[in-house]
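Asks: Dropping a structure here in structure tokens format, bear with me for questions.
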Amino acid sequence: MKASIILALTTLLPFFTTMTQANPLQSIQSDLAPAGKIRASINIGNPILAKRDSENTQPYGVSIDLAKNLAKELGVELELVVFDAAGKSVDAVANKKADFGFFAIDPVRGKEISFTHAYVVIEGAYVVPSNSPIKANEEVDQAKHRIVVGKGSAYDLYLTREIKHAQIVHAPTSPKVVEFFVSGGYEVGAGVKQQLEMDLNTYPNLRLLPGRFMQINQSMGVHKDVSDATKAYLKDYVERMKATGFVQDALKRHGIQGAAVAPAQSN
């Protein structure tokens, strides 16, 4: 009897091997999309990554292009889980209400999220009133200054660590920073450089400080509980999307300026 079982298993082994080779992404599908649908956490609070023209329209942008292509590669349906702030988007993946997302790499978020290498590099900048005596980024961190930043954003996490004297004040979301900053009469606003530049069209009595106060590495992220194989696959996916020009083409297609494709990284 044992000999018959061994013979049967030996006979079936090539079949199982062929099946595994025929669908090498099966384990990734099972890990990220066990029900045949993968949920992407999308933050429309960062216009470099994604935005929406109105509440009744579908969001679009570089991160959504990457999400759609990932779902296509895995052969699964895509569901967009949309948020207006980075912190909410991170929480969705951390609490397993979404399967992956697009986040700035940060050690605080890294407690729950496993990041790929960056696919896009963007800049964080300061905005001040036109008549402000502040002329440079190095002059911001003073006890008499209050810095407005979107709650839970990468800039919030970074400035909370780095600012030693100035007071951090939280706006509800990053897109609301300038409105909150102006209405409250604060000294400094902080956020995505491109978002602040757009806001200057509405608030002409403001100006950006030269340069940047931080460089933001935008990555893809999953919950730390996913398998090592899935983490490795996503890291490889990001590197392939950079190498093939997919990310660069998406930036160009969506008219994104001031953001650059992140340098290639070895996995």
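The values are calculated or read from the model by the stated rules, or taken from the named source; none is laboratory data. Since we're looking at a predicted model, the values are computed, not measured. With ideal geometry, Cβ positions are generated from the backbone for all residues, glycine too; neighbour counts draw on all protein chains shown.
Asks: Within region 137-160, which residues are aliphatic (A, V, I, L, M) and either in the same structural domain as residue 48 (by TED's automatic domain parsing) or surrounded by 15 or more Cβ atoms within 10 Å (Cβ to Cβ) (or both)?
Replies: 140, 147, 148, 149, 154, 157, 159
Asks: Continuing with this model, one more query. Within the set of pairs 6 or more residues apart or between chains, which connect a residue that is of a type in the set (Lys, Arg) inside region 240-255 to a residue that is surrounded by 12 or more Cβ atoms within 10 Å (Cβ to Cβ) with Cβ atoms less than 7 Å apart?
Replies: Correct list of pairs: 242/119; 242/261; 242/262.
Asks: All but one of (1) out of contact with any helix residue (DSSP H, G or I) (no Cβ under 9 Å at 6 or more places or on another chain); (2) under 29 Å from residue 184 (Cβ atoms); (3) assigned to a loop (DSSP other than H, G, I, E, B) hold for residue 56; state the number of the condition that does not hold.
Replies: All conditions pass for residue 56, except number (2).
Asks: I'm checking my understanding of the structure. Among residues of region 142-178 that are part of a helix (DSSP H, G or I) and either modelled with pLDDT of 95 or more or hydrophobic (A, V, I, L, M, F, W, C) (or both), which one is nearest to the chain's Cα centre (by Cα)?
Replies: 154
Asks: Continuing with this model, one more query. Output the residues belonging to region 71-90 that are under 22 Å from residue 104 (Cα atoms) and either polar (S, T, N, Q) or free of Cβ contacts under 8 Å to residues at least 40 places away in the same chain (or both).
Replies: Selection gives 71, 89.
Asks: Then there's this: Within region 166-206, take every residue that is small (Gly, Ala, Ser) and within 23 Å of residue 218 (Cβ to Cβ) and give me the one that is surrounded by the fewest Cβ atoms within 10 Å (Cβ to Cβ).
Replies: Restricting to residues being small (Gly, Ala, Ser) and within 23 Å of residue 218 (Cβ to Cβ), the top hit is 171.
Asks: Further question: Please enumerate the residues belonging to region 109-141 that are part of a loop (DSSP other than H, G, I, E, B), under 24 Å from residue 31 (Cα atoms) and not hydroxyl-bearing (Ser, Thr, Tyr).
Replies: Residues satisfying the conditions are 112, 117, 118.
Asks: Just the residues that are surrounded by 21 or more Cβ atoms within 10 Å (Cβ to Cβ), within 13 Å of the chain's Cα centre (by Cα) and farther than 17 Å from residue 231 by Cα, please, taken from region 107-131.
Replies: Passing the criteria: 120, 122.
Asks: Continuing with this model, one more query. Of all helices (runs of 4 or more DSSP H) completely enclosed by region 187-267, which ones contain at least 2 residues that are in contact with a His (Cβ under 8 Å, 6 or more places away or on another chain) and farther than 29 Å from residue 139 by Cα?
Replies: 228-243
Asks: Would you point out which residue out of 108, 148, 128 is in contact with a Phe, Trp or Tyr (Cβ under 6 Å, 6 or more places away or on another chain) and either touching a residue at least 12 places away in the same chain (Cβ under 8 Å) or more than 18 Å from residue 43 (Cβ to Cβ) (or both)?
Replies: Working: 108 fails: in contact with a Phe, Trp or Tyr (Cβ under 6 Å, 6 or more places away or on another chain); 128 fails: in contact with a Phe, Trp or Tyr (Cβ under 6 Å, 6 or more places away or on another chain).
Testing whether each residue is in contact with a Phe, Trp or Tyr (Cβ under 6 Å, 6 or more places away or on another chain) and either touching a residue at least 12 places away in the same chain (Cβ under 8 Å) or more than 18 Å from residue 43 (Cβ to Cβ) (or both) leaves just 148.
Asks: Then there is this: Consider region 61-81. How many of its residues are in contact with a strand residue (DSSP E or B) (Cβ under 7 Å, 6 or more places away or on another chain) and either among the basic types (Lys, Arg) or over 25 Å from residue 235 (Cβ atoms) (or both)?
Replies: 1
Asks: Have a look at 134, 163 and point out the one that is surrounded by fewer than 20 Cβ atoms within 10 Å (Cβ to Cβ), more than 26 Å from residue 231 (Cα to Cα) and free of Cβ contacts under 8 Å to residues at least 24 places away in the same chain. Spell out how you get there, then give the answer.
Replies: Details: 134 fails: free of Cβ contacts under 8 Å to residues at least 24 places away in the same chain.
Of the residues listed, the single one that is surrounded by fewer than 20 Cβ atoms within 10 Å (Cβ to Cβ), more than 26 Å from residue 231 (Cα to Cα) and free of Cβ contacts under 8 Å to residues at least 24 places away in the same chain is 163.
Asks: Could you run through region 33-66 and say how many residues are within 17 Å of residue 230 (Cβ to Cβ), touching a residue at least 12 places away in the same chain (Cβ under 8 Å) and either out of contact with any Ser or Thr (no Cβ under 9 Å at 6 or more places or on another chain) or outside the structural domain of residue 255 (by TED's automatic domain parsing) (or both)?
Replies: Selection size over region 33-66: 6.
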